[in-house]
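Report on one structure; see the data block that follows.
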Amino acid sequence: MKNNKIIMTVATIVLAVIAAVFSFGIVVSSRSADGSPYNELTEEAVAAATYKQGSTGSVVKTIQTKLKRWGYYSGAIDGIYGSKTKAAVRYFQQRNGLTVDGVAGPKTLAAMGISSGTTSGTSSSASSSSSGVNGYTSSDVELLARLIYGEARGESYTGQVAVGAVVLNRVKSASFPNTVSAVIYQPYAFTAVSDGQINLTPNSSCREAAKAAMNGWDPTYGAIYYYNPSTATSKWIFSRTTTVTIGNHVFAV
């Protein structure tokens, strides 16, 4: 009888130890390699950063809305990533120097001004407006800086501001789209978009030039066009009224 009690006691202790080890294992497995709590949404958020045929939701609606505004998409804004949306994404990728696969991954989303980490369909510009400039969002600042870098990084600082001012003058003009991204990504509007230089990382000078233009500096006197007379081939552009010449660019209305 006494031996039975000892056996029962030992068995209880062993079971308690096993339970403790198992519990500890669960706790450890719920932490990342650095010991911090593991966020189960992390992998889901990463996966959600890629949208392809068959995807649905508010982010897809945002993609469709932007592509339709820029003239790449003519289908319904229904939040369904169908064949028409895929074709529009492919067209956008082709025109903007991106890998042409019809999949809206992080690079394509960034080129559209959509945060790749969002799961709500809101663009990064909407979530970061507090750090923008003079009513423009931080995404607008970055996109304009990229455009300036692609179009005018070899120009003087004033020449860089001037290119930014042309974009903003177009935003204000009834003849052009009314947002920074829509103006920049309007088909065939800017060489830097066509050849993919829009995706390069801008330097500090171009970022400051973008901010200066957004704060109201317009060295072009209201120009909505600019061109390099040494490389321009369109007869039409030469017919526009010149407002000023800065560096290699002629600015016109």
### Query
Can you list the residues, at least 5 places off or on another chain, whose amide H is less than 5 Å from the amide H of Val244, using H built in the peptide plane?
Phe251
### Calculated Rg and Dmax of the range 129-252 using C-alpha coordinates, Å
13.2, 43
### Task
Pop out the ³J(HN,Hα) list for the range 64-77 in order, Karplus 6.51 cos²θ - 1.76 cosθ + 1.60 with θ = phi - 60°, rounded to Hz; leave Gly and Pro as x.
5, 4, 5, 5, 5, 4, 8, x, 9, 10, 10, x, 7, 8
### Query
Under a point spin-label approximation (7 Å from Cα along Cα-to-Cβ), what is the Ser194-Ser138 distance to one decimal in nm?
3.4 nm
### Message
Just to check I understand the Karplus step: with θ = phi - 60° and J = 6.51 cos²θ - 1.76 cosθ + 1.60, what whole-Hz values come out for the range 165-171, glycine and proline as x?
### Response
5, 4, 4, 5, 5, 5, 4
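With a cut-off of 8 Å between alpha carbons and a minimum separation of six or more residues, what is the relative contact order of the range 48-117 in percent? Show your work: numbers first, answer last.
Values: 96 pairs, mean separation 24.3, N = 70.
Answer for the range 48-117 is 35 percent.
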### Potential lengthening between Asn178 and Asn248 on full extension [0.36 nm per residue; Cα-Cα distance subtracted]
22.5 nm
### Per-residue Cβ neighbour rank within 10 angstrom, fewest leading, Asp195, Asp140
Asp195, Asp140
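Take the residue pairs Lys68/Lys211; Lys84/Lys235; Lys107/Lys235; Lys68/Lys107 and return only those whose Cα atoms are more than 26 Å apart.
Result: Lys68/Lys211; Lys84/Lys235; Lys107/Lys235 exceed 26 Å.
Quick note: the coordinates plus some simple rules give every number you see, no bench work behind them. Source: prediction; values computed, not measured. Glycine gets a Cβ as well: all are built from the backbone with ideal geometry, and neighbour counts include every protein chain shown.
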